[in-house]
Each structure stands twice: as structure tokens, then as C-alpha cells.
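The values are calculated or read from the model by the stated rules, or taken from the named source; none is laboratory data. Source: prediction; values computed, not measured. When we count neighbours, we look across all protein chains shown, and the Cβ atoms used for this are built from the backbone with ideal geometry, even at glycine.
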Amino acid sequence: MAKRNEQMKLHTLGFPRIGTRRELKFALEQYWQGRISKQEFLQTGADIRRQNWAIQQQAGIELLPVGDFANYDHVLNTSLYLGIIPQRFARDSDSSDKLDLEFRIARGRAPTGCACAASDMTKWFNTNYHYIVPELSQQLDIRVDIQPLLEQIEEAKNLGHESKPVLLGPLSYLYLSAFEGDKLQLLPQLLAGYQQIFDKLNSARAGWLQIDEPILGLELDADWQKAFRQAYGELRQGSLKLLLTSYFASIDHHLDLIASLPLHGVHIDCVAEPTDIQLTIDMLPRHWVVSLGVIDGRNIWKSDLSALYQKLEPLYAQLNGRTWLAPSCSLLHCPVDLEQEDKLDPQIKSWLAFASQKCQELSLLKQALLTGDTAAIEQYSAPVKARLVSAQAVNTALRERIGSLTQVQRAEPYAVRKQKQQSLALPQLPTTTIGSFPQTAEIRRLRAAYKRKELSSEEYIQAMQQQIEDCIARQEEIGLDVLVHGEPERNDMVEYFADFLDGVTSTRYGWVQSYGSRCVKPPVIYGDITRKQAMTTDWLSYAQSLTDKPVKGMLTGPVTILCWSFVRDDLSREQVARQIALAVSDETEDLINAGIKIIQIDEPAIREGMPVKHSQWQQYLDWAVACFRLACARAPADVQIHSHMCYSEFNDILDAIIALDADVLTVETSRSNMVLLDAFKHKAYPNDIGPGVYDIHSPNVPDTGWITDLLKKALEVVPAERLWVNPDCGLKTRGWQETRAALTNMVTAAQQLRAEL
Ligand code: GLN
Ligand code: ZN
């Protein structure tokens, strides 16, 4: 038997910061509403950190992360450490409270007043977590302050923990920032700031420093590679020991580069993509620690520890004490504790592991590697093996149906469809909305009461019908051309559909942070997916029965359902998406049979499903587009298919968006003043398009003139026959008052412009 070495360390790259019961979310909201004091808010953060460390330590994690916590976002924390504050907030930065400054940057407002435009927020790689985009300028004016981090290091120390500070590395920070011009030009200034951070950590005798450089998963060009060498070559580390971490993708392609940097260790994600661990070990300097991220940090499946043991045993012996084990990435993307799930089917529960359980998995694995005794991990892994052969996971009839599909896209081309859709008798520049209308307190109360069984199904249906009736009446009054039912019955655009699908289940407490105080509870896809029953037709038929105007049916697309769920890992994402697409296409067909003439299939998440590596984009886009097309395949030419997307970064995937071939595409553009449309100057969008004319994220009511101007801008790029008029996104977070005012102005603008055409 190989020599067992005691030095193997278990660590994590970060732990969920929302708390077991979303304590952070509630504290944030209460603080923003002025219902708790700053002191109480900060205490909640400290409590969560203390609890997180305790959970991890009790599970057997030896080196605990510090600095993974954030009041709002860890990228924003990095900006604050460096003192990189956008100019419009800078005047507040000396005088005012640091915490309020933090929230102003993140949200554009804070309890103490001031309303400025918030910094942009964008998706963290291919996750559903959003970070606050640092805004860089030519003169960075860096003022380092890592007091909060130092205090947390102290906090951990006082609790007797061995800790490892976590810091987003300079290259990734720069790469993820917004700057007009050559970002690398700013590197020297930035490095001066990082040097001060290093110096301060040195004075605090930090020891190990986890430095996150997730952009190493991307294909970096020669300039960025050179910048890595230069940056890490220049930074004086003192007695800090750098553990460079990367995640969400393999870094095999950058091993030469990484091996040339002055580091003490590297963490690799062994889960996201197949990666050659042996090659990594061979290429890295012999004295480095190699941290193997073998437990999936982004998903909720229990690990097959016996399979991992087989894989790691020989490597572990060979590494002779230089192996650390960890989850693949920060556990931020995972819910906290499975134990709370008291309503889950016990069999499904036996297949799952949340953040706390994943820490325990590492411990079990380490024990087996240290002792060679595999009894415990074999017992632990039995349910994983059971899942793979479970009857719940496979639906043979569905697989046969998918195998024999013939109609995978619509039969007629757009030009023919456009002609046939004249039967809808819509005016030029038709007005519509994106689907949801204000989710009032009353609507939420009704849904909650129904869930708690305080309302019978009949009572609930009646109450929702009343809401729909009200919503239709208001839209008629406003004068919109294509109406919607308003989505009062939907808590969430993915969870609503998940509840109707076999092979998918919901959890009670499986919350994950999306941004700031916003958390999402992704459904769990554990088996083949089929539709239990029609999901939307009753609501839609009812809505259509109330009006002569067309009511647009509202579905969530297959790629978005996939991206916003925890997806089984025993089938490719493509296969899972295809199953969802078929379920959506069944629903499309039912809606059509129920007399619905316009159907919107939302795909807001299509962009975020993109793999980290550019070289894999096309393959993903090919199947993502195919799934969308399958979802609409059975719509005859006279039925109009809409799709909607938000988050303005899709200039680089225009071809795929065109390939979706929706009859009408509504997109978010107003925040960027229609610059999105510039892309279409070079490449005309061939079908109908509705660039959002006002930002629904703000309660401000746009005036008619402003909307008219935007529409005129749009008309420079899109001919009037193909231009639609609509807001940027759904209105569910808005109140009725501003919604009515804004839509009325929008309709007026469209009517005035129509008269001029
Ligand atoms: N139809 C959805 C709504 O209006 C679309 C939401 C979204 O784009 N995220 O709420
Ligand atoms: Zn949207």
C-alpha cells in the first residue's frame, strides 16, 4: 500500500453567503427599508460568517475561506478594497458611510438618500449569479482599504479557525471590468493597488492567499498571457503563499503559463470539463500544492465517492502530501443545507447533497484516502449508483418519441408566415407587453393562501380569473394591440412550469443567490421530462374569451428552463433541453388548439448558457437554437411566434438569434438607448423586432416624446412593417400606477408615429 501522508488538506473556495434561511436577504431588505439599524445589519453578516465557518469546520474542512462573504457582491468588494469608485459616487466616498456607498454603487440608492444610476450588473461567467461590473477610468485613483477583510480574518482567528483569505485576482478583475479602451494599459496602476493589498495581508500574517483567476478557463490571447506573467512576476508576495484558483472550465490549455508563475499552489476544477489531472501534475513545479476540485460546487448531486476514490488513490500517493481536496468552485452557487428539506421525496433526497453535505463528502473521501478503508464511501455512494439506474430517471416512450421526431422546425419560411399572419389584422407598429403585469400584494396573497390550502382550487381559479379579467380590461383601456393574460398565477417563470413536468421537482429551501438580496430556487431535473398535463391553456383560453383582441400565450423556453434549473449529470444538457423542448412544443400545440393565435416563448437565458470557452460556443448555440425551433415546430404559418430576451449583451450571438427564426423578437434595449440596434445596421434582423422602449427596472414614467425619439431611432434600422412597440421586459415588479402611465405614453407614441408613416 502506498505511503499515507497526513498533510492532505481540505478547503473550500467559498461558502453560500445568504445564510441557511436567507437571513442575508431579509436583513438587506429590512436595512434598506430602514427597519433595522446598520449595526443590526452588520451583525447578521457576522452571524452568517460564524455559522458558515462552524458548518464547514464541523464537516471536517480544515482551511476556511475568509473574504468570500459579501454584503452585496464579491466583485464589488474588490472594487471597494481598491477604492475604485465610479466618479458619480466619488463625492460621497469620503464623507459618507461606507456601507451606504456600497449599496449606492450596487443599487443606485441607499437608505440615506441619493439616487444615481447604479453600476451595471452582469452574469458571472456561465452562472446565474450577477456581479457588479467595475467601472474603470484612465486614472484609477486607487485608495486601498481592506479593513473589512482584515476584520474578518481577525474574526475567524478569534473563533480559533485556520483561515485563507480569498481575493479576486488582478487579471480577472481587469478583464471583467468596463473600460473604453485597452484595459491592459491600466494594469500597472491596478498592480500598485494589489501590491498594497498584499503588503497589508502580509502584515496580518495571512499565510495562504486564495487568488481567484477564473478567466484562465477562457482562451486568452498573447497579450493577456503576457500580462499574467508580468503581473505575478512583479507582485512582491512577502510571506504570503499564493494558491491560484480557476473554475467553471479546464485550464489545460494554459498550464505552461500557469507553471511559469511564482505560486505555491494551484486549484483546478475537475468537474466542469474533462481535465487531465495527471498532465496538470506533471506540468506543474514539483513543490506546488495541487488542489483538486473534485466535488461539483455548482450542482446538487451527491458525489460518487467510490468512483472518485478509484481515480484519486494513485494520484494522491504520487503527490505525496501536496494534494488538497475541494469543491470545484465556490459553493456560492449551491443551496446551503439539504437537511432542511422535509417535504422532498426520500428517494430523490437520497440523491442530493447541498453545500454542507459537500463539505462532508470531502471529509469522507479524505478518510478513505488516508486509511484505505472504503466501507464508508461505498455505503455513501450507493444512492448515487441507484439514481443512475433508477426507473424514475428513464422514460423509454419519451426517448423513442424523440428518436423518431420528424417535424423539428416550422414548415414555412418567415416571408410566407408574415403573409398569412395578416389575418391577425394588426396595425403598423403594433403595441404589446412582455407578459407579466404588476404582481400586487393581493395576487401574492392569493397564491400563498392556495399553496397553504386555505383556498380550494375552485376559489383559487375564480380569484385568478378575476385578476386576468382586470388585467385584460386595463390593457384594453390603455389601447394595446396584442394583449397578455398578465401571469398572475406564476411565482416564477421557470418554477411554474417545473411543477407541471415529470422528472422535475422543487425544493423548499434550495435558494441560491442571484444578486444582492435576490435569490432563486432552481428546480431539480432528476429524470426524463414529460408534461403531466396542459400547463397554461385554461388561463389563456379564459383570457382570450374576454376580448376580441389577440391574447398572446406565454411560455418559458427550453434553454431558459434548463439554465435556471439544477440539471441531472447523467445525460447531456443538449438531451435534457430537447426533452424540455418537446414538452413546450406539446403545450404550444394545445394553445393553438385552444384558439390562441400568438404565442411567446421566452428565452432570456440563452446567453448565459454559453460555455466559458469561445471554441465551444457554436456547438452550444446550434443545439440551443434547434431546441427553440423544436418548441415552435408545430405552429402553423398563421400562428405568430414571439420570443423575448433581456440583458443587452447579445451582439456576439446575433446569428444564433436570427436563427431562432421567431416571427417577432422583443429585446431589452432602452437602457442602452437602442445601441443594440447598431449591431443590426451591419446585419439586418430579418424578422419582426420590438426593441424595448423603456426600462421597466425603474418606476420612472417615460414621456411620449422620449419614446417617440427612440422609435424614430429604431426606424432608421428597422422598416416600419417589421417594428413592434413594447417595454424592455415583464412588468411584474412594477406598480399599476406607473405601469398604466408608462404604457399609455407608449401607446400614444406609437399612434402618433403611425399617423406620420
Ligand atoms: N414573460 C416574462 C415576464 O414578463 C419574461 C420575463 C423575463 O424576460 N425574464 O415576466
Ligand atoms: Zn425580459
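A single entry from Arg387, Arg410, Arg399 fulfils the requirement of being over 30 Å from Cys334 (Cβ atoms), basic (Lys, Arg) and under 35 Å from the mean Cα position of the chain (by Cα): Arg410. The set of residues in the stretch 199-233 that are surrounded by 15 or more Cβ atoms within 10 Å (Cβ to Cβ) and of a type in the set (S, T, N, Q) comprises Asn202, Gln210, Gln225, Gln230.
Checking the stretch 220-228 against the condition returns no match, with no residue being aromatic (Phe, Trp, Tyr) and in contact (Cβ under 8 Å) with a residue 60 or more places away in the chain. Screening the candidates Asp276, Asp282 for the property of being more than 32 Å from the chain's Cα centre (by Cα) and modelled with pLDDT under 95 yields one hit, Asp282.
Of all residues in the stretch 389-437, those satisfying the criterion of being in contact with a strand residue (DSSP E or B) (Cβ under 8 Å, 6 or more places away or on another chain), at pLDDT 95 or above and hydroxyl-bearing (Ser, Thr, Tyr) are Thr431, Thr432, Thr433, Ser436. Of the numbered criteria (1) out of contact with any strand residue (DSSP E or B) (no Cβ under 8 Å at 6 or more places or on another chain); (2) at pLDDT 95 or above; (3) of a type in the set (D, E, K, R), the one Asp652 fails is (2). Within the stretch 107-119, can one find any residue that is surrounded by 17 or more Cβ atoms within 10 Å (Cβ to Cβ), modelled with pLDDT under 90 and part of a helix (DSSP H, G or I)? Yes, the conditions are met somewhere in the stretch 107-119.
Contact map, the stretch 728-744: first residue more than 14 Å from Arg444 (Cβ to Cβ), second residue within 16 Å of ligand 2 (Cβ to nearest atom) and among the acidic types (Asp, Glu), Cβ cut-off under 6 Å, separation 6 or more or different chains; pairs are Asp728/Glu668; Asp728/Asp695; Cys729/Glu668. The listed residues are Ser514, Ser506, Ser545, Ser572, and the only one of them that is without any contact (Cβ under 8 Å) to a residue 24 or more places away in the chain and within 30 Å of Asp342 (Cβ to Cβ) turns out to be Ser506. Among residues that are touching a residue at least 40 places away in the same chain (Cβ under 8 Å) and either within 28 Å of Gly609 (Cβ to Cβ) or small (Gly, Ala, Ser) (or both), Val266 is not included. Scanning the stretch 620-640 for residues that are touching a residue at least 60 places away in the same chain (Cβ under 8 Å) and within 21 Å of Val576 (Cβ to Cβ) yields Ala624, Ala626, Cys627, Phe628, Arg629, Leu630, Ala631, Cys632, Ala633, Arg634. Residue by residue through the stretch 723-746, note down the ones that are in a helix (DSSP H, G or I), touching a strand residue (DSSP E or B) at 6+ places or on another chain (Cβ under 7 Å) and within 21 Å of Met493 (Cβ to Cβ). Those that are in a helix (DSSP H, G or I), touching a strand residue (DSSP E or B) at 6+ places or on another chain (Cβ under 7 Å) and within 21 Å of Met493 (Cβ to Cβ): none in the stretch 723-746.
Scanning the stretch 654-667 for residues that are away from ligand 2 (no atom under 16 Å from the Cβ), crowded, with 19+ Cβ neighbours inside 10 Å and within 23 Å of the chain's Cα centre (by Cα) returns a single hit, Ala656. Looking across the stretch 725-744, just one residue is away from ligand 1 (no atom under 15 Å from the Cβ) and either on the phi > 0 side of the Ramachandran plot or crowded, with 21+ Cβ neighbours inside 10 Å (or both), and that is Val725.
If you filter the stretch 516-541 down to residues that are part of a loop (DSSP other than H, G, I, E, B) and of a type outside the set (A, V, I, L, M), you find that the one that is nearest to Ile596 (Cα to Cα) is Thr536.
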